[in-house]
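Notes for the one structure printed next.
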Amino acid sequence: MTGIDAIGAALLWIGAGFFLAGTIGLLRFPDVYARLHALAKVDNLGLGFIALGLALRADSLASALKLLLVWLLALFASATISYLIARRALARGIEPVAEMGADGDQR
Amino acid sequence: MLALIGRAALFAGLWWALAEGAARDWGVGLVSVVLAVATSAWLWPPTTTRLSPSGLLRFLVFFLWQSVRGGVLVARLALHPRLRLRPEVRRFRLRLPPGAGRVLLADTLSLLPGTVSAGFGEDDLRLHVLDRDLVVEADLRAAEAVVAGLLGLELERPEVTGA
């Protein structure tokens, strides 16, 4: 395994770790708004690391660039969709949870 | 004209990446590039906004660094044994003119530490903040300044904050 391959593999593991954390956040966070944070940030970062890791192991510069484009497109889609979901939720009067875990209870 | 040639070069580069460098697909590629330039000229005429190259660099550095910060921060909150969040919905007074700049700012803030954009008001942006102590006004203003620099937009002068 060459050095580049090893770095690529490490980036893939880091990406997978962020995806795991994002999924745990999705399950543990209390409401729709907080869950959007888990998706829009942690999973995007995980995808970024995976795209970068794969780009390092790609056969050609063009396919490496294509992987980065996949990430950019996913970023745009994710930002736009979170915006739409959050706006709709507010418009429907879904109250965000104001506090969680400060004294062990949820308001 | 120069702007259109620049766009054609950009779309040709995109095609090159999508086709993974395969030379035999350039017939379709050429048609796609021409259609893409025509569509972009129609949807976003070259005169309206110009990207500044140094602004782009600053935006990318800011964006990548803040993305990592945001991802790590939310991941830590998610993994903490005692889940502790203090969310709130905040109104952020916009100083960017209406248009592309505001949209880009809303998208950028959705990907940055602790904030998700949740709708525009007349002159403000509603933000859902994951933990009110972690998100400070200065970070949001920094994002606004970087977006303005990228698109070459003027920021409205800050309001005098009195009593």
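The values are calculated or read from the model by the stated rules, or taken from the named source; none is laboratory data. Bear in mind that the values here come from a model prediction, so they are computed numbers and not experimental data. Backbone-built Cβ (ideal geometry, glycine too); neighbour counts: all protein chains shown. The accessibility values were calculated without ligands, DNA or RNA, using every heavy atom of the protein model including side chains. Shrake-Rupley method; radii C 1.70, N 1.55, O 1.52, S 1.80 Å.
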Odd one out for residue B:69 among (1) more than 8 Å from chain A (Cβ to nearest Cβ); (2) of a type in the set (Lys, Arg); (3) farther than 20 Å from residue A:18 by Cβ; (4) out of contact with any strand residue (DSSP E or B) (no Cβ under 9 Å at 6 or more places or on another chain): (3)
Of the residues B:42, B:26, which single one is closer than 21 Å to residue B:2 by Cα and part of a helix (DSSP H, G or I)? B:42
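Would you confirm whether any residue within the stretch A:27-37 is without any contact (Cβ under 8 Å) to a residue 12 or more places away in the chain, of a type in the set (Val, Ile, Thr) and either under 30 Å from residue B:91 (Cα atoms) or not in a helix (DSSP H, G or I) (or both)?
Filtering the stretch A:27-37 for residues without any contact (Cβ under 8 Å) to a residue 12 or more places away in the chain gives A:27-29, A:35.
Still in the list and also of a type in the set (Val, Ile, Thr): none.
The answer is no, given that none of the residues of the stretch A:27-37 is without any contact (Cβ under 8 Å) to a residue 12 or more places away in the chain, of a type in the set (Val, Ile, Thr) and either under 30 Å from residue B:91 (Cα atoms) or not in a helix (DSSP H, G or I) (or both).
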The one condition in (1) closer than 25 Å to residue A:14 by Cα; (2) at pLDDT below 90; (3) surrounded by fewer than 20 Cβ atoms within 10 Å (Cβ to Cβ) that residue A:73 fails to fulfil: (2)
Quick one: what pairs do we get from the stretch B:17-29, first residue more than 7 Å from chain A (Cβ to nearest Cβ), second outside any helix (DSSP H, G or I) and not aromatic (Phe, Trp, Tyr), C-beta under 6 Å, 6+ apart or different chains? B:25/B:19
Suppose we keep only residues that are among the basic types (Lys, Arg), more than 9 Å from chain A (Cβ to nearest Cβ) and out of contact with any Leu (no Cβ under 7 Å at 6 or more places or on another chain) within the stretch B:72-103. Which one would you say is most open to solvent (accessible area, probe 1.4 Å)? B:91
Could you tell me which numbered condition residue B:135 fails, if it satisfies all but one of (1) open to solvent by less than 20 Å² (accessible area, probe 1.4 Å); (2) outside any helix (DSSP H, G or I); (3) at pLDDT 85 or above? (3)
Test residue B:106 against the stated conditions and say whether it is modelled with pLDDT of 90 or more and surrounded by 15 or more Cβ atoms within 10 Å (Cβ to Cβ). yes
Matching residues in the stretch A:50-66 - criterion: being part of a helix (DSSP H, G or I) and at the interface with chain B (Cβ under 9 Å from one of its Cβ atoms): A:61, A:62, A:63, A:64, A:65, A:66
May I ask you to list the residues in the stretch B:19-35 that are buried (at least 17 other Cβ atoms within 10 Å of the Cβ) and either among the basic types (Lys, Arg) or within 16 Å of residue A:68 (Cβ to Cβ) (or both)? B:19
